[in-house]
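Written out below as structure tokens is the structure these notes cover.
Each reported figure results from applying straightforward, stated rules to the coordinates on display, with no laboratory input. Everything numeric here is computed off the predicted structure, so don't read it as measured data. So basically every Cβ, Gly included, is an ideal-geometry build from the backbone, and we count neighbours across all protein chains shown.
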Amino acid sequence: MSTVVRHDTSPPISLSDRWRGWRDALLASASFQRWAAAFPLTRPIARRRAAELFDLCAGFVYSQTLAACVQLDLFETLRAGPCEVAALASHAAMSPDAMLSLCEAASALQLLEHRGMARFGLGPLGAALLGNPGIAAMVRHHAALYADLGDPVALLRGQGRERRLAHYWPYALDQSGATLTRDSVASYTALMAASQPMIADIVLAAYPLSGHRCLLDVGGGDGSFLAAAARQAPQLALGLFDLPEVAAIARERLATAGLADRVTIAPGSFYTDPLPTGADVISLIRVVHDHDDDAVTQLLTKVRTVLPENGVLLLGEPMRDTAKGADGVSAYFEIYLRAMGQGRPRSAQRLRELLNLAGFSQVRVLRTRIPLIAGVIVAKS
Ligand SMILES: CC(C)=CCC/C(C)=C/CC/C(C)=C/C=C/C(C)=C/C=C/C=C(C)/C=C/C=C(C)/C=C/C=C(C)/C=C/CC(C)(C)O
Ligand SMILES: C[S@@+](CC[C@H](N)C(=O)[O-])C[C@H]1O[C@@H](n2cnc3c(N)ncnc32)[C@H](O)[C@@H]1O
């Protein structure tokens, strides 16, 4: 066990420090807690705080309950209707007792629902998950993140041994992209494609592209965002810039979607290569939060210089502090990106500062339908 040795024992100085010091001492006192849980007016607060703290202690168990359901395709199986536990158990090669535990846990988490004795159907959250196949893909890939987080302190100290998440995103280990192979980019590109529909819906609803002539999607992955943009704006010419192995996947995927004639694909690294010119709108979707401030400033400057005057930058990604009640998003990406090895979740305010630093003007933060999934900012060159 390690404890911080405090040399500075001077009392708190500001009024707010004093008030918080008093509050913390009260909350940390076992006798205050006993009193607050017993007193009828404070009991609801005590219960709520206890439940919040319990959720933090148990969060990993909740996540792994969800992971087991996803791994066993339980939600897909129950899509057609409720099933007996015995049937689910034999399908999953486990004892009915073990399956009952999983189903009980999942129904306590609203993923499943009791539908009679030893019979379960979808719960409201399990059903919602089916509407966004990207969520199940995210849950599956969490195996790498949670393996790294087995020893969170080692991870934070940079002493994590396996670094499975960094290998999952190999461009975090090789910024030039020169050593990346098709195999090494395939799984993250597939994950991004699976989760892209929910992102594209939100970004394109916040900023419809119907007024534009040509969209360049930088870090565009397999082209799923472009395909959604093409459906929204039939007049739009399309361009995609990504690392060579990813660009090759995009070429195939966009040809299969019948968009080969509308799209120009430029392979390269935005760290070392120039971006193509000609677009009047450039999108960076879930790209900026992957990179540190210096790299982001350089990338944004590069984007601005290839845009015409009054060209538009469209930036979409999860942001800190954008949604009331979505503090979990900040916590999640803070630790996620640390495990990945680079990048930061940023607030809209911080992104505004970086955009101004790169020479953009008229920066606007747009409302999105589900801010927890993505925030949107547009700016003019
Ligand atoms: C029917 C009756 C009786 C009433 C109806 C009541 C009603 C209106 C209910 C609403 C139902 C409804 C519409 C539900 C909708 C639910 C939705 C939209 C849920 C969405 C959930 C999204 C989740 C859980 C998203 C999770 C995202 C994650 C974990 C993202 C991870 C992203 C990563 C790892 C990105 C990595 C990229 C990198 C490396 C950082 O660049
Ligand atoms: C998190 S993914 C987002 C993909 C896509 N925009 C989406 O939202 O589905 C980041 C993308 O940036 C690309 N990328 C990372 N580093 C890059 C670089 N140096 N140059 C070009 N693309 C890069 C990755 O290959 C990947 O496709």
### Summary
In the neighbourhood of Ala279 defined by beta carbon distances under 10 Å, the net charge of the other residues (Lys, Arg +1; Asp, Glu -1) is -1
### Task
Assuming R0 = 45 Å, can you tell me the calculated FRET efficiency for the pair Leu259 and Ala108, based on Cβ-Cβ distance, to the nearest 0.05?
0.50
### Message
So if I place +1 on the C-beta of Lys and Arg and -1 on the C-beta of Asp and Glu, and nothing else carries charge, what would the dipole magnitude of the stretch 152-197 be about its Cα centre? I want it in debye, nearest 20.
### Response
180
### Task
Would you mind calculating the relative contact order of the stretch 38-130 from Cα pairs under 8 angstrom and at least 6 residues apart, reporting the percent as a whole number?
25
### Task
For the stretch 125-213, state which trypsin sites (Lys or Arg not before Pro) are in a DSSP loop and have at most 11 other beta carbons lying within 10 Å of their beta carbon.
Arg157, Arg161
### Task
Could I have the simple spin-label model distance between Asp24 and Val61, label points 7 Å from Cα toward Cβ, reported in nm to one decimal?
2.9
## Note on the structure
For the chain, the longest principal axis of the Cα atoms and the Cα long axis of helix 327-340 enclose an angle in degrees, to the nearest 10, of 70
### Message
To make sure I understand, if each residue's beta carbon is the centre and we count other beta carbons within 10 Å, what order do Glu113, Glu317, Glu252 fall in, fewest to most?
### Response
Glu252, Glu113, Glu317
### Task
Project the alpha carbons of the stretch 238-381 onto their principal axes and report the range along each, largest first, in whole Å.
44, 32, 30
### Query
Which trypsin sites (Lys or Arg not before Pro) does the stretch 279-336 hold that lie in a coil by DSSP with at most 10 other beta carbons within 10 Å?
Lys324
### Query
What does the charge dipole of the chain about its Cα centre add up to, to the nearest 20 debye, if the Cβ of each Lys and Arg holds +1 and the Cβ of each Asp and Glu holds -1?
1140
### Angle between the chain longest axis and helix 133-148 axis [Cα atoms, degrees, rounded to 10]
70
### Task
Scan around Arg286 for amide H atoms under 5 Å from its own, H built in the peptide plane at 1.01 Å from N, and keep only partners 5 or more places away or cross-chain.
Gly316, Glu317
### Task
List every residue whose amide H lies under 5 Å from the amide H of Asp217, counting only residues 5 or more places away in sequence or on a different chain, with H placed 1.01 Å from N in the peptide plane.
Gly239, Leu240, Phe241, Ser283
### Summary
So the angle from the long Cα axis of helix 43-71 to the longest Cα principal axis of the chain, reported in degrees to the nearest 10, equals 60
### Residues with amide H under 5 Å from that of Leu366, placed H, sequence gap 5 or more
Val376, Ile377, Val378
### Task
Using the Cα centre as the reference, give the magnitude of the dipole from point charges on the C-beta atoms of the stretch 38-130 (Lys, Arg: +1; Asp, Glu: -1; all else neutral), rounded to the nearest 20 debye.
440
### Query
Based on DSSP H runs of at least 4 residues, each adding -39500 (n - 2.57), what is the mean residue ellipticity at 222 nm of the chain after dividing by all its residues, to the nearest 500 deg cm²/dmol?
-16000 deg cm²/dmol
### Summary
The relative contact order of the chain, taking Cα pairs under 8 Å that sit 6 or more residues apart, comes to a percentage of 11
